[in-house]
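Read through the structure below, which is laid out as structure tokens, and then see the notes.
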Amino acid sequence: MQNTTKKKRIGSIAWAAIYLVLVGIFACSATLIFHSTYFSSIYVSGTSMSPTLLGGEGTDKANFGIIDTTDWARKNIKRFDIVTTYFPWDSNDYSEESRNNNDYSEADGPDPTYKIKRVIAFGGETIFYFTSNNQSNSFPLGLIDHIIILESRDDDGDGHDDGTGSIKAIFGDEAKTVIVNEISYKVKKLPFNRAISKDPMRPNPESKYGRSSIEPFAVPKGSYFVMGDNWSSQGRSVDSGYKETPIFFDNIVGVLVAIEGTCRITFDGGINKCVDRHYSWPVFY
């Protein structure tokens, strides 16, 4: 009787173990299928998103991760999401014919290479930031290096934003309250850090960053204003701020989901490769 009970107990444990193994295999398989179906792998090959993301040719620590390329993800982009995108002005990303026709449905250039940037402003908004006293457009000097989002406004009808629209939001390195035209505004802390310029010859000594100011720029409907986190003069990001040109929905490849680890970037046969991958606990965005 005792042997029978013992055998039943062992059998129950064995079946439970087999069940758990099968569940684990199923879960892993489902995860891999979901990963390969909905996500694409990417790696960072430049320094434009420093210090948030590591990258650069020849470096031993470049980030790699996954992006969501579904239409749902691309249509539900939020401010400060990180996206991979082709540039509408880049002749390597799009052919001359596509650029002339504003047809960005396919990256048909000779060497299309996605870029990793952060979405700062949307169509229908105006973005403005200044880095020296004489470019403040009557904003308080305490807003140097801040990102100011305004409602678009063109009272004189010249096709250029006046920069006089209502303030929608102000973002900076720390939360505080400022007075603009006798109205109090709360400055929201940026949810990321920007690379600080260490170049003593940076163009605007009042600024701790190396970026140049941008005049109030009206982002057209259906467009996005994207920038890199690297605002320093070393390895500075080439982006919408640098070109004063937005990107379009069709330019966006996907939205960053997670960084999964680091790798080493090599240049082999004219192609960057992410080798010696080291996985870590994922960082989700």
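Where a number appears in this text, it was derived from the coordinates with a stated rule and is not lab data. Note that the structure is a prediction, hence the values are computed from the model and not measured. Counting neighbours? That spans all protein chains shown, and the Cβs are built from the backbone with ideal geometry, glycine included.
Values for this structure:
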read-out	value
Inter-site label distance for Thr266 and Lys189 at 7 Å from Cα along Cβ, in nm	4.2 nm
Relative exposure of Glu97, Glu125, judged by other C-beta atoms within 10 Å (fewest first)	Glu97, Glu125
Segment Glu182-Asn101, length gained on full extension (0.36 nm per residue, minus Cα span)	24.6 nm
Overall Cα dimensions of the stretch 72-190, principal axis frame, Å, largest first	52, 33, 29
Computed lengthening from Glu206 to Asp71, 0.36 nm per intervening residue step minus Cα-Cα distance	44.4 nm
Amide proton proximity set for Gly261, modelled H, under 5 Å, gap of 5+	Phe64, Ser280
Packing-based exposure ordering (other Cβ within 10 Å, fewest first) of Ser233, Ser41	Ser41, Ser233
Contour excess over end-to-end distance, with Cα ends at Asn92 and Ser166 and 0.36 nm allotted per residue	22.8 nm
Cα extents of the stretch 125-218 along the three principal axes, largest first (Å)	41, 27, 23
Listed pairs Lys115/Lys273; Lys75/Lys188; Lys176/Lys243; Lys61/Lys273; Lys78/Lys221 exceeding 23 Å between Cα atoms	Lys75/Lys188; Lys176/Lys243
